[in-house]
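What follows is one structure encoded as structure tokens, with my remarks underneath.
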Amino acid sequence: METECQNRLPSQPSYAQSIPKLSSRVLISMIQDAEHPKAIELLSMVNALPVSKVLTNIQWEAGVIDPVVSDALHSTSVGSHLAICGDERFIWACWSVASQAGWLNDEMTLLKTEDVRNLYCVHCGHIQAISTQTEAECQSCQVQLFVRDHFSQRLGAYMGVCLDANQPYGGEVK
Amino acid sequence: MMRSMIEVEVTKVKQITDVIREFTLSPMTGSLPGFSSGSHIQLHLPTSVRVLKKAYSLLSDPADTSSYRIAVRLQEHSKGGSRFMHERLSEGDHLHITPPANLFAPNSFARHHLMIAGGIGITPFLSYLAEFQRQSKSYELHYAYRGGVTDAYVTDLRQAFSAKLHTYDSNLEQRLDLDQLLSNQPVGTHVYVCGPERLRLAVQEAATKNAWSPSRIHWEAFAGAEPGQAFQVELARLNKTLEVSADESLLEALEASGVEIPNLCRGGVCGQCVTTYLEGEVEHRDAFLSQADQSQQLMPCVSRGRCGSRLVLDL
């Protein structure tokens, strides 16, 4: 475990394997797909807490979170816990709203369901969805990108840098 | 490297309550270094026995660098610091101070600031309030004191911040219900405590009970080193043996013998003075080192060698 941690970049996100035992009285859950086994596990434990609020069908793709969700994140008191369950794109979209509302990392449990993540092209600033691959072509500037483990929480994306220094521009070499 | 000292003049001494005095320290020329809310300075006090170094919070507005203001409570069991300040220091005297350092800054991401002060622990919050007002931050101050004794600045605070000030006078049996207070704070709140140790422990207990993340809780060490028993210390590399008397700290004894050790808080919290020891039993009194680290390191500002044990430092 320790060796694994030593090889990780400090910015590389880590996700919970399961929901920890909580001392909080309030749990808010943001769930992307209620049918996923991790979501089902999360939903099975929410009833054990005195207060629980489950948020599903969240509109997040456009970068604007539903005001109902935002209100729920703002109106709770310190000592609450937040579980975000979904793919990495969903997780970091929700994380961003929660952070702005004042939530801290140690008050959130991030449960990753699928391997869909965001890639940020450091050359043109485009963000696109990728899977687990370590190389990708930027959809905007066509530069071949190497997908680094370096992750920006603010952008919710992994950094993509030019793969081949001899091929710094996208498209055919003329 | 030790920070360069600044010479200042005591330009005003004001009795605030029976046991609390305020001192205004002005520069010999020009202005003083800028500081942020929650900063402290160290005063070097030339008492008859030795030069005592004491850390005090700056209570003045950080925007004003024409002078610094501090307030000192006369401690019943003073080792000489607060007694010197109350009985010997007067207007026109010159002193040496360190530039300000901050171990108790407000969290800049907080959406609401909850300040809890006990008695003279109000001082850092006076500099917070000036800044919070200027930046239109959301805040509230809970101030517990003994009326007529430790209620420093309460009248001024009532006038300026009445809507955000909650006071608790122990003479009137007014109690601060921390459990209730911490059970209902909006997400994004950070809590700051300054006051006696029992107040800090009570806040931490209430915070734990209400499932607060430890990163939301900030506190300032309040008292300096407590006295203990006299002991002997050997400095392995310098090949020296020192006697530490009951009423001085190990750090003070080291400094008196010419051994300079970086330090900021002199209260066991900042970790600057951490020193490795090679042998001996230590009475650890810091709130910084982990138990594992304490097997090899100690903080000489507060911790002491056990009486009768041979303490050997890697110095």
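The values are calculated or read from the model by the stated rules, or taken from the named source; none is laboratory data. If you're wondering where the values come from, they're calculated on a predicted model, not measured in any experiment. Cβ atoms come from the backbone with ideal geometry, glycine included; neighbour counts cover every protein chain shown. These accessible areas exclude ligands, DNA and RNA; they are computed on the full protein's heavy atoms, side chains included. Shrake-Rupley method; radii C 1.70, N 1.55, O 1.52, S 1.80 Å.
Ligands, DNA and RNA left out, the 1.4 Å accessible surface of chain B is 47% carbon and sulfur atoms.
Based on DSSP H segments of at least four residues, each scored -39500 (n - 2.57), chain B has a per-residue ellipticity at 222 nm of -4500 deg cm²/dmol. For the chain pair A and B, the interface hides roughly 1200 square angstrom of accessible area in total, found with a 1.4 Å probe.
For the stretch B:180-213, accessible area lost to neighbouring protein chains reaches 20 Å² or more, against the chain alone with a 1.4 Å probe, at B:SER183, B:GLN185, B:VAL187, B:ASN210, B:ALA211, B:TRP212, B:SER213. With +1 on each Lys and Arg Cβ and -1 on each Asp and Glu Cβ, how big is the dipole of the protein assembly as shown about its Cα centre, in debye rounded to the nearest 20? Using Cβ point charges on Lys, Arg, Asp and Glu, the protein assembly as shown gives about 840 debye.
In the stretch A:71-98, what residues drop by 30 Å² or more in accessible surface going from the chain by itself to the full protein assembly, probe 1.4 Å? Listed by number, the residues meeting the 30 Å² cut-off are A:HIS74, A:SER77, A:VAL78, A:GLY79. I need the fraction of alpha carbon pairs in the stretch B:112-220 separated by more than 19 Å, rounded to a whole percent. Looking at the stretch B:112-220, the distances longer than 19 Å represent 40 percent of pairs.
Hydrophobic, long helices, defined as DSSP H runs whose alpha-carbon span along the helix axis is 15 Å or greater and whose mean Kyte-Doolittle value is at least -1.0, occur in chain B at B:123-134, B:197-209. In the assembled protein chains, B:HIS190 presents an accessible area of approximately 10 Å² (probe radius 1.4 Å).
Considering only beta bridges that DSSP places wholly inside chain B, some 60 percent are antiparallel.
Length, then width, then depth: along the principal axes, the Cα atoms of the stretch B:231-313 run 27, 25, 23 Å. What's the longest bit of chain B with no exposed trypsin sites (Lys or Arg not before Pro), using DSSP loop states and at most 10 other Cβ atoms within 10 Å as the test? Longest run free of exposed loop sites: B:1-174. Counting every alpha-carbon pair across the stretch B:6-102, the share separated by more than 20 Å comes to 30%. The calculated Kirkwood hydrodynamic radius for chain B is 20.6 Å, given to one decimal from all distinct C-alpha pairs. Across A:TRP103, B:TRP219, the residue with the most accessible area heads the list, and the full order at a 1.4 Å probe is B:TRP219, A:TRP103. Here, chain A yields an orientationally averaged convex hull projection of 11.5 nm² when only Cα atoms define the hull. Among B:LYS54/B:LYS209; B:LYS12/B:LYS53; B:LYS164/B:LYS209; B:LYS54/B:LYS164, which pairs are too far apart, with a Cα-Cα distance over 23 Å? Violating the 23 Å Cα-Cα cut-off are B:LYS54/B:LYS209; B:LYS164/B:LYS209; B:LYS54/B:LYS164. Database note for chain B: Cys without another Cys beta carbon under 4.7 angstrom, B:CYS194, B:CYS273, B:CYS301, B:CYS307.
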